[in-house]
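The values are calculated or read from the model by the stated rules, or taken from the named source; none is laboratory data. Note that the coordinates shown come from a computational prediction; the quantities given were computed from them, not determined experimentally. Neighbour counts run over all protein chains shown; Cβ positions are idealised from the backbone, glycine included.
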Amino acid sequence: MEKRNLNIFGSGSQSGGHYGKVKITGEGTVTDDLDCELFKTHGTSVLLGNVKANHFAIYGTADLQENLKSNLIKIFGTLDVSGDIFSEKMVIRGTGDVGGNIQGEVLDVKGGLSIKGNCEVETFQLEGGFQIDGLLNAGNIQIGMKYDGSNAEEIGGETINIRKKNSFFSLNKNQGNLTAQVIEGDSIYLEHTKAKVVRGKDVEIGPGCEIDLVEYKESFKQHKTTKVKNNKKL
């Protein structure tokens, strides 16, 4: 049986349910849990229940009061989720604010990201800035920092590459730094990072870092301008 579609044009409110395609153009509110194949907004959406979709796309702003689960998430604008996000691939070109956790395969961000809980994915790519109150855990972590004040409680992965990436529009070329308590992985390269402990197999501490302790298994390199209080071969 073919699922019915839901369309909101201009300004309106509809109940949730099971749909094929849900499209909001303008300002729309969905008052209950929503299950659909495609959700797309051009404008502003408020979703009061849980959302499950195969493809979830925002061109504008979306405010979700519960959890979001979708195979593919594309955000061109602003996403605010009070609960958790589960997604195989999530692409953000703008800002994302998550009150819970993110779990999935690929998280690709150009802009800003804030997560109150943990972020656990296979690939984490970010160009911009982020705040993660809990753990960032990914097999492959590639971070290009453009803004001051990025932080995570702990960062863990196999390959961790954290570099400063100057913004074309920024007058302050020293912008872009990261603070973490513990960074642990196999292959680690850091720039402009402050951490209490960095632990890995092969560790290279680039310019602008302040590290209390580096623990390494095979190799350790340190840039001449960076500060490492202690280093220890495991």
Practice task
Look through 24, 8, 85, 58 and report the one residue that is crowded, with 18+ Cβ neighbours inside 10 Å, of a type in the set (A, V, I, L, M) and closer than 19 Å to residue 121 by Cα.
Solution key: 85
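Residue-wise test of (1) over 18 Å from residue 70 (Cα atoms); (2) assigned by TED's automatic domain parsing to the domain that holds residue 63; (3) assigned to a loop (DSSP other than H, G, I, E, B); (4) not acidic (Asp, Glu).
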{"residue": "4", "(1), (2), (3), (4)": "yes, yes, yes, yes"}
{"residue": "9", "(1), (2), (3), (4)": "yes, yes, no, yes"}
{"residue": "19", "(1), (2), (3), (4)": "no, yes, no, yes"}
{"residue": "23", "(1), (2), (3), (4)": "no, yes, no, yes"}
{"residue": "26", "(1), (2), (3), (4)": "yes, yes, no, yes"}
{"residue": "29", "(1), (2), (3), (4)": "yes, yes, no, yes"}
{"residue": "45", "(1), (2), (3), (4)": "no, yes, no, yes"}
Practice task
Return the pairs, sorted by first residue and then second, in which the second residue is surrounded by 23 or more Cβ atoms within 10 Å (Cβ to Cβ) and not in a strand (DSSP E or B), the first residue lies in the range 137-163 and is among the basic types (Lys, Arg), the beta carbons are less than 6 Å apart, and the residues are 6+ apart or on different chains.
Solution key: 146/176; 163/191
Completion exercise
Restricting the range 33-55 to residues that are touching a strand residue (DSSP E or B) at 6+ places or on another chain (Cβ under 7 Å) and acidic (Asp, Glu), the one surrounded by the most Cβ atoms within 10 Å (Cβ to Cβ) turns out to be 35
Completion exercise
The number of residues in the range 59-113 that are in contact (Cβ under 8 Å) with a residue 24 or more places away in the chain and not in a strand (DSSP E or B) is 6
Practice task
Please go through the range 181-192 and pick out each residue that is farther than 13 Å from residue 142 by Cβ and either surrounded by fewer than 22 Cβ atoms within 10 Å (Cβ to Cβ) or over 18 Å from the mean Cα position of the chain (by Cα) (or both).
Solution key: 181, 182, 184, 186, 192
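Table: residues versus (1) at pLDDT below 95; (2) buried (at least 21 other Cβ atoms within 10 Å of the Cβ); (3) of a type in the set (Gly, Ala, Ser); (4) more than 18 Å from residue 75 (Cβ to Cβ).
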residue: 115; (1), (2), (3), (4): no, yes, no, no
residue: 120; (1), (2), (3), (4): no, no, no, yes
residue: 131; (1), (2), (3), (4): no, no, no, no
residue: 138; (1), (2), (3), (4): no, yes, yes, yes
residue: 143; (1), (2), (3), (4): no, yes, no, yes
residue: 168; (1), (2), (3), (4): yes, no, no, yes
residue: 172; (1), (2), (3), (4): yes, no, no, yes
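Is it the case that residue 110 is surrounded by fewer than 22 Cβ atoms within 10 Å (Cβ to Cβ), touching a Lys or Arg at 6+ places or on another chain (Cβ under 6 Å) and not assigned by TED's automatic domain parsing to the domain that holds residue 30?
Numbers: surrounded by fewer than 22 Cβ atoms within 10 Å (Cβ to Cβ): yes; touching a Lys or Arg at 6+ places or on another chain (Cβ under 6 Å): yes; not assigned by TED's automatic domain parsing to the domain that holds residue 30: yes.
So residue 110 passes the test.
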Exercise for the section: Could you please give the count of residues in the range 145-166 that are within 23 Å of residue 99 (Cβ to Cβ) and surrounded by fewer than 16 Cβ atoms within 10 Å (Cβ to Cβ)? Expected result: 2
